[in-house]
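Below is one structure, written out as structure tokens; the observations come after it.
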Amino acid sequence: MENIALEKNQSAHVCPHQIAFILDNPFRRLFQNPKKMLKPYIAKGSTAMDIGCGPGFFTIDMAELVGPEGKVIAVDLQEKMLSHVRKKAKKHNIEERISFFKCEQDSIGFKEKADFILAVYMVHETPSPRNLLDEMKAMLNENGKILIAEPKMHVSKEMFEDLVSLTKELGFKILDYPKKMGGRSVLIGIKD
């Protein structure tokens, strides 16, 4: 059963591509440095997935972290966001490391496995966090990790605690509550 706080938060609101410049700007890097944030979780040669990648604020750095032998899958609901990431990848000469996948509002619809999945500021935008987490679980390699970060201005402490409870209910284990992720965050893996 979905938790009440999560049900109340469900809306069709998705951050529009027209404000991509807000999500992807140099000032954001002052308090959210993608490489520093993600380096502990992404190994060279691994497969990483950026769900709700938006304009690629994290995607490009993830591609640099996986290196030439690795792969990043950029997933977003909006084709214009994916186009923005493609342009950035080409500019950084790393486009061969990134695959682009347009998902649907209610389903990722992707079957490939990943060693690391990133979901920043987007779980609260999905119609069903339960379905999203189930899909991410199915895409996670053994010993893989999922990092979820949610903005405090949209996700209350109670709502975040409900989300963490939901992860446990779905068979995830809590690995950490990383700090300095720009909001409330949790690192999860699949229980042994």
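Points worth noting:
- Test: residue in the range 145-163 that is crowded, with 20+ Cβ neighbours inside 10 Å and assigned to a loop (DSSP other than H, G, I, E, B): yes
- Pairing each residue of the range 138-159 that is small (Gly, Ala, Ser) with any residue that is surrounded by 14 or more Cβ atoms within 10 Å (Cβ to Cβ) and assigned to a strand (DSSP E or B), provided the two are 6+ apart or on different chains, yields C-beta distances under 6 Å for Gly144/Asp115; Ala149/Val120; Ala149/Ser185.
- From the list Pro68, Pro26, the lone residue that is open to solvent by 20 Å² or more (accessible area, probe 1.4 Å) and at pLDDT 95 or above is Pro68.
- Taking first residues from the range 50-73 that are closer than 14 Å to Lys36 by Cβ and partners that are in a helix (DSSP H, G or I) and open to solvent by less than 10 Å² (accessible area, probe 1.4 Å), the Cβ contacts under 6 Å between residues at least 6 apart in sequence or on separate chains come to Phe58/Pro34; Asp61/Pro34.
- Qualifying residue in the range 29-38 (condition: closer than 22 Å to Val164 by Cα, part of a loop (DSSP other than H, G, I, E, B) and open to solvent by 20 Å² or more (accessible area, probe 1.4 Å)): no
- Identity of the residue in the range 164-173, surrounded by fewer than 18 Cβ atoms within 10 Å (Cβ to Cβ) and in contact (Cβ under 8 Å) with a residue 24 or more places away in the chain, that ends up nearest to Asp134 (Cα to Cα): Leu170
- Taken as a whole, the structure leaves Ile108 outside the set of residues that are at pLDDT 95 or above and farther than 22 Å from Tyr177 by Cα.
The values are calculated or read from the model by the stated rules, or taken from the named source; none is laboratory data. Remember, predicted model here, so these are calculated numbers, not experimental data. Neighbour counts run over all protein chains shown; Cβ positions are idealised from the backbone, glycine included. Please note that ligands, DNA and RNA were not included when accessible areas were found on the heavy atoms of the full protein model with its side chains. Shrake-Rupley method; radii C 1.70, N 1.55, O 1.52, S 1.80 Å.
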